[in-house]
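Working notes, beginning with the structure itself.
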Amino acid sequence: MSRRPGRITGLTSTSHILRTELQWDSLGFDPLIDHYRVHGIRGARSFEPSPDNLLASTVYPRWVHTGLEPEGHSWSYQVVAVSAAGLIGPSGRGLVAKAKPSITATGTELVRVGSFDARTLEFQYAPAAYASIPKTYPGAVFEHTSGEEIGSTWPYLLPGPGDAWAGNKVYRQRWSFELDALNDDPQLAIWLVDTTTLVSTLSIKINSTLLPELPLPIGATKGSRSGDANTNPLLVRSFHEFAVDRALFTPGKNTIEFSVPTGGWVAWDAIGLYAP
């Protein structure tokens with residue numbers, strides 16, 4: 001007679017913006033495990049696994065809960081194993097975890113371009129007319145000033161030197177805006193809908209100060225033709241939020257310049273500067 005799988009042990013979590021990564025100890029091959037079932041409910045409370053709270057099934061001892069709220073709400077999780085014979089193991093020790101809160105939800109907006117909505121569609125040439133970018137900007141420089149309707153003149157892709165279609169150039173995207181005096185170090189939020197499969201970095205210069213280059217994830221290269229990650233799960237979104245020394249800004253006009261010095265294009269979701 002087949003044995004029932006054992007309890008799941010070692011359930012842990014790693015928090016990110018809009019997602020939580022879960023992992024646990026593998027149960028091995030006696031009995032042979034067909035898959036694991038991940039159950040969860042929003043909030044920090046105990047519950048029993050049931051079909052109503054089944055989030056996903058996976059053959060691996062890990063799973064990523066995506067599409068979470070930018071506020072970083074808590075979720076309670078349980079994982080059970082199902083054997084090749086169809087027997088369901090008991091629930092193990094549950095886990096309460098929460099995604100990392102985003103400054104876009106917890107901070108005060110100072111200035112922003114685009115909407116943090118997993119879409120490029122409000123930007124120039126989105127979702128697929130990338131070939132127009134080198135024709136419109138032969139000098140490889142984009143200039144934008146807040147206070148204008150800059151979304152419609154902000155190209156949805158910022159090309160890099162690995163992009164032959166854009167002339168293998170380093171393009172520069174300059175964003176100018178007005179700020180009052182800052183009392184605290186602001187946070188810069190950069191959300192991307194997708195990136196290429198090239199190893200790429202994003203360069204950020206605030207006024208005259210160049211920040212350390214930001215490594216970018218290997219993307220799906222689908223964001224050049226598809227502008228909505230809500231409907232296309234193949235896009236690889238990424239979220240970059242970090243504090244910036246307020247001394248880099250001055251009361252009045254400021255400029256942030258973006259470029260991709262290594263690799264290929266980034267597809268913008270939105271960029272914003274926030275007071276914590």
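Key figures
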{"read-out": "Spatially near lysine pairs across segment 80-237, Cα under 30 Å, sequence gap of 8 or more or different chains", "value": "9"}
{"read-out": "Cβ charges +1 (Lys, Arg) and -1 (Asp, Glu), total dipole of segment 12-98, debye", "value": "180 debye"}
{"read-out": "Alpha-carbon centroid distance for the pair segment 184-209 / segment 1-46, whole angstrom", "value": "35 Å"}
{"read-out": "Surrounding net charge for SER76, when Lys and Arg each add one and Asp and Glu each subtract one, Cβ distance under 13 Å", "value": "+3"}
{"read-out": "In sequence order, calculated HN-Hα J values of segment 27-41 (Karplus, 6.51, -1.76, 1.60; Hz; x Gly/Pro)", "value": "8, x, 10, 9, x, 5, 8, 7, 6, 10, 10, 9, 10, x, 9"}
{"read-out": "Net dipole in debye of the chain [+1 Lys, Arg Cβ; -1 Asp, Glu Cβ; about Cα centre; nearest 20]", "value": "780 debye"}
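Throughout, read-outs are computed from the coordinates displayed, never taken from laboratory work. None of these values were measured; they are calculated from a predicted model. In this analysis, Cβ positions are derived from the backbone assuming ideal geometry, glycine residues included, and neighbour counts consider all displayed protein chains.
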